[in-house]
Every structure is written in structure tokens, then in C-alpha cells.
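*Asks:* One structure coming up, written as C-alpha cells, with questions to follow.
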Amino acid sequence: MPDGGIETHLIVTKGAQMTLEQETDYTLEELYALADEKGTLQTIVLPGHKEDVITRQWAAQIQDMVKEPVSVLAGVHYDELEKAQLLEVIHVLDELLIKCKEIVAGMSREERMDV
């Protein structure tokens, strides 16, 4: 990894630990260890989940900002959404990405290391 192995992790859910415990055999540490040291996009997709649509976009945009490996862990759990409801979820996530990018842009590399 460049510059001493710094890596940016975004966990976009309050249920990340629950998702890991109930739906995978990974520990949080094992999941973080899967981050690609070259900055190449890698995605772990749980069976039946589509969060990779979110995580790919978020990781690529934030990695472009910080020039470091980025891990995004997302868990979005809605069943049987109508199209309009799905579009609203996507809109909310797009707005959240903008806010996260603003926060990351305002942080120094040292501040990202301390989080």
C-alpha cells in the first residue's frame, strides 16, 4: 500500500456487524483484510444481495479522491420495493455519498488515520 499502508474504510450501515454475523462467515477483520493493496476494485457480494451496485460507485469515487485503497461495507435491507420506492432509496444513497465525499474531502490524511 502507498505511504505506510493507509487505507480508508467506510461502513455505510448501522447493521454491518449484524450482516457479517448472520450472513457471512467473515469476521470484520477478515473482511477488511480482503482490501486490494493495489487499489484495484474488488467486491464481495453476498448471495441475494445487490449492495455491490452501491459499494462499487462509492469506493471508486472516494478512492479517486484519497488515492488510497478504500473499503466500503454496505448493507441495505428492503424487501419488495415498488419502483418509485427503489428510486427514492437510490436518491437518498446518492445524497449520502455526496455528504461522505464532503467529509472525506475536509479531512487530512492524518485525520483519516485516526478515525
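*Asks:* Picking from 81, 41, 73, 86, which residue would you name as being part of a loop (DSSP other than H, G, I, E, B), at pLDDT 75 or above and not aromatic (Phe, Trp, Tyr)? It would help to see each step written out before you state the result.
*Replies:* Working: 41 fails: at pLDDT 75 or above; 73 fails: part of a loop (DSSP other than H, G, I, E, B); 86 fails: part of a loop (DSSP other than H, G, I, E, B).
Result: 81 is the single residue among 81, 41, 73, 86 that is part of a loop (DSSP other than H, G, I, E, B), at pLDDT 75 or above and not aromatic (Phe, Trp, Tyr).
*Asks:* List the residue pairs whose Cβ atoms are under 8 Å apart, where the first residue sits in the stretch 58-71 and is within 19 Å of residue 108 (Cβ to Cβ), the second is of a type in the set (Asp, Glu) and modelled with pLDDT under 85, and the two are 6 or more positions apart or on different chains.
*Replies:* So the pair list comes out as 68/3; 68/7; 69/7; 69/36; 69/37; 70/7.
*Asks:* Consider only pairs whose beta carbons are under 8 Å apart and that are at least six residues apart or on different chains; among these, list those whose first residue lies in the stretch 99-115 and is part of a helix (DSSP H, G or I) and whose second residue is of a type in the set (S, T, N, Q) and at pLDDT 85 or above.
*Replies:* The qualifying pairs are 101/61.
The values are calculated or read from the model by the stated rules, or taken from the named source; none is laboratory data. Being a predicted model, the structure only gives us computed values, none of them experimental. Note: ideal-geometry Cβ built from the backbone for every residue, glycine included; neighbour counts use all protein chains shown.
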